[in-house]
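Q: I have a structure here, written as structure tokens, and I will follow up with some questions on it.
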Amino acid sequence: MKIVKYLFFLLLLVVIGGAVYVATIDGEFQVEESRVIDAPDELLFNTINEYKTWEKWGPWMDESDDMILEYPEKTSGKGASYSWKSETQGDGKMETQKISPFSSIDQHLTFISPMGESTNDVYWQFEKIEGKKTKVTWGIKGKQGFMEKAFWATQDSSLSQTIRPMYQKGLEKLDTYTKEKMKEYSISADGVTEHEGGFYMYNAATSSIAGISQKMAQMLPAVSTYIKQNNLPQTGMPFTIYNEYNEEQGTAIFSAAIPVREKVVTPKDSNILCDFLPKQKVVKTTLKGNYTNLKEAWEAGYKYIAENNLEADAASPAFEVYKTDPGLQPNPAEWITEVYIPIK
């Protein structure tokens, strides 16, 4: 019996000593990871702000086959949330506490496991760098309870060492997801319509087809500046007129144009001129997406003409109108471009 008592007291001493040791462990922690992503801050902010996207890039989604996600009515913005249930990963809930559009998001994480319920603060920061690139920082901070400290004291790695690779993986998946979203596009052949035409200011140039976009980046701002300096009312979105387009030679003569209310007489030495686009019947095609898909949009327009026994009017130049300002909408997947091909 004495041996049993000694063993009991020894075990008691070990338990007490272990409890004292665990109690002295600093339970406060903070982990954050950053990644520079070649995507606009607005797109990244909106992606993370909407909880329904998390199942597309969340790193823990690959770790559990039994995770059930539940979404309330509000899934984005302050007060939004989502929750999950999993026998293998535990249950939990994430709720948005505060947002600063395109700059930061603060969230509250509640996690329920056999060790009990823990709460932590999750934060996101978005920093514009190098044009349209964004530095995304994902962090978590909190304080472990006694049972959590006891659990991690028995593990080969700490809580921070476990979270860090998970966040790295999540940011990598977020990078891939946003880049794929930016590539999304759609093309619709809207058919025959009538374009109202009107006066426009323009700047003309000759260029290789491959160099058109680079030229346009210089020409349109010049036209816009002229309009603003002379207080001319702009009546529509910028467009490009293709006066001549020779695919065999790989060259084009085109004009970068902005519509105005009335005819404008410019100085003789001005490279910004005024012209008039007549009211005419056209086949209209709409591209929603990056300008890199414009070739396919033009092909869709000419295909519509061929399939419907129409004839393009070679005497009238075709043109494309940029309905979305990339400066205001940084996500290329949201850009709208209308292609107009005059027909007889």
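The values are calculated or read from the model by the stated rules, or taken from the named source; none is laboratory data. None of the values given here were measured: they were computed from a predicted structure. Neighbour counts run over all protein chains shown; Cβ positions are idealised from the backbone, glycine included. For accessibility, only protein heavy atoms count, side chains too; no ligands or nucleic acids. Shrake-Rupley method; radii C 1.70, N 1.55, O 1.52, S 1.80 Å.
Q: Where Rh denotes the Kirkwood radius from the mean inverse Cα pair distance, what is Rg over Rh for region 212-263? If you can, show how the numbers build up before the last one.
A: Numbers: Rg = 12.8 Å, Rh = 12.1 Å.
Computed over Cα atoms, the ratio is 1.06.
Q: Tell me the Rg and the Dmax, in Å, that the Cα atoms of region 233-294 produce.
A: Both quantities, over Cα of region 233-294: 14.6, 39 Å.
Q: Please sort by residue number the GluC sites (Glu not before Pro) in region 70-113 whose DSSP state is loop and whose Cβ has at most 13 other Cβ atoms within 10 Å. Before the final figure, lay out each step's value.
A: Numbers: sites: 70, 73, 87, 95; in loops: 73, 87.
Sparse-neighbourhood loop GluC sites (Glu not before Pro): 73, 87.
Q: Roughly what would the spin-label model give for residue 218 and residue 143, points 7 Å off Cα along C-beta, in nm?
A: So the label points at residue 218 and residue 143 sit 6.2 nm apart.
Q: OK, next. Step through the residues of region 244-261 one at a time and calculate ³J(HN,Hα) from phi using the Karplus curve (6.51 cos²θ - 1.76 cosθ + 1.60, θ = phi - 60°), rounding each to whole Hz and writing x for Gly and Pro.
A: My calculation for region 244-261 gives 8, 9, 10, 5, 5, 8, x, 10, 8, 10, 9, 10, 8, 10, 9, x, 10, 6 Hz in order.
Q: So how long is each side of region 226-344 along the principal axes, counting just the alpha-carbon atoms, biggest first, in Å?
A: Ordered largest first, region 226-344 gives principal extents of 45, 36, 29 Å.
Q: Then there's this: If you fit an axis through the alpha-carbon atoms of helix 2-24 and take the longest principal axis of the Cα set of the chain, what angle between them do you get, 0 to 90°, nearest 10?
A: Orientation of helix 2-24: about 30 degrees from the principal axis.
Q: Here's another thing I want to ask about it. Would you grab the residues whose amide H sits under 5 Å from the one on residue 260? Only those 5+ places off in sequence or on another chain, please, with H modelled 1.01 Å from N.
A: Amide H neighbours of residue 260: 199, 200, 201, 235.
Q: Let me ask another. Give me the accessible area per residue for the chain, probe 1.4 Å, as a whole number in Å².
A: Numbers: 19800 Å² over 344 residues.
Per-residue value: 58 Å².
Q: Assign unit charges at the C-beta atoms only (+1 for Lys and Arg, -1 for Asp and Glu), then state the dipole size of region 217-312 relative to its Cα centre in Debye, rounded to the nearest 20. It would help to have the intermediate numbers written out before the result.
A: Details: 10 positive and 10 negative charges, 107 e Å.
The calculation lands at about 520 debye.
Q: List, largest first, the extents of the alpha carbons of the chain along their principal axes, each in whole Å.
A: In descending order, the Cα extents are 112, 46, 39 Å.
Q: Could you give the dipole magnitude of the chain about its Cα centre, charging the beta-carbon of Lys and Arg +1 and that of Asp and Glu -1, in debye to the nearest 20?
A: Working: 36 positive and 47 negative charges, 149 e Å.
So the dipole magnitude of the chain works out to roughly 720 debye.
Q: Quick one: Kirkwood hydrodynamic radius for region 178-233, alpha-carbon pairs, angstrom, one decimal?
A: Numbers: mean 1/r = 0.0662 Å⁻¹.
Result for region 178-233, one decimal place: 15.1 Å.
Q: Mind listing the phi-derived Karplus ³J(HN,Hα) values for region 88-95, rounded to whole Hz, using 6.51, -1.76 and 1.60 with θ = phi - 60°, and x for any glycine or proline?
A: Values, residue by residue: 8, 9, x, 9, x, 8, 10, 9 Hz.
Q: Test of the criteria: in region 225-326, which GluC sites (Glu not before Pro) are in a DSSP loop and have at most 16 other Cβ atoms within 10 angstrom of their Cβ?
A: Working: sites: 244, 247, 248, 262, 296, 299, 307, 311, 320; in loops: 247, 248, 262, 311.
When the GluC sites (Glu not before Pro) of region 225-326 are filtered for loop state and at most 16 Cβ neighbours within 10 Å, 247, 248, 262, 311 remain.
Q: Can you compute the equivalent ellipsoid semi-axes for region 23-82, i.e. the square root of 5 times each eigenvalue of the Cα gyration tensor, sorted largest first and rounded to whole Å? Don't skip to the answer; put the middle values down first.
A: Numbers: eigenvalues 118, 75, 44 Å².
With the √(5λ) rule applied to region 23-82, the semi-axes are 24, 19, 15 Å.
Q: Taking just the alpha carbons, could you work out the radius of gyration and Dmax for region 163-299, both in angstroms?
A: 19.7, 68
Q: With all protein chains present, how much of the accessible area of region 21-142 (probe radius 1.4 Å) comes from carbon and sulfur, to the nearest whole percent? Kindly include the intermediate steps, with their values, before the conclusion.
A: Working: 2830 of 6410 Å².
About 44 percent, which is the carbon plus sulfur part of the accessible surface.
Q: With a 1.4 Å probe and every protein chain kept in, tell me what percent of the accessible surface of region 161-207 is carbon plus sulfur. Provide the component values of the computation, followed by the final result.
A: Details: 1230 of 2530 Å².
That share works out to 49 percent.
Q: Beyond a 22 Å Cα-Cα separation, which of these cross-linked pairs lie in this structure: 281/303; 74/135; 74/179; 132/215; 128/323?
A: Numbers: 281/303 17 Å; 74/135 27 Å; 74/179 26 Å; 132/215 20 Å; 128/323 25 Å.
With Cα atoms farther than 22 Å apart: 74/135; 74/179; 128/323.
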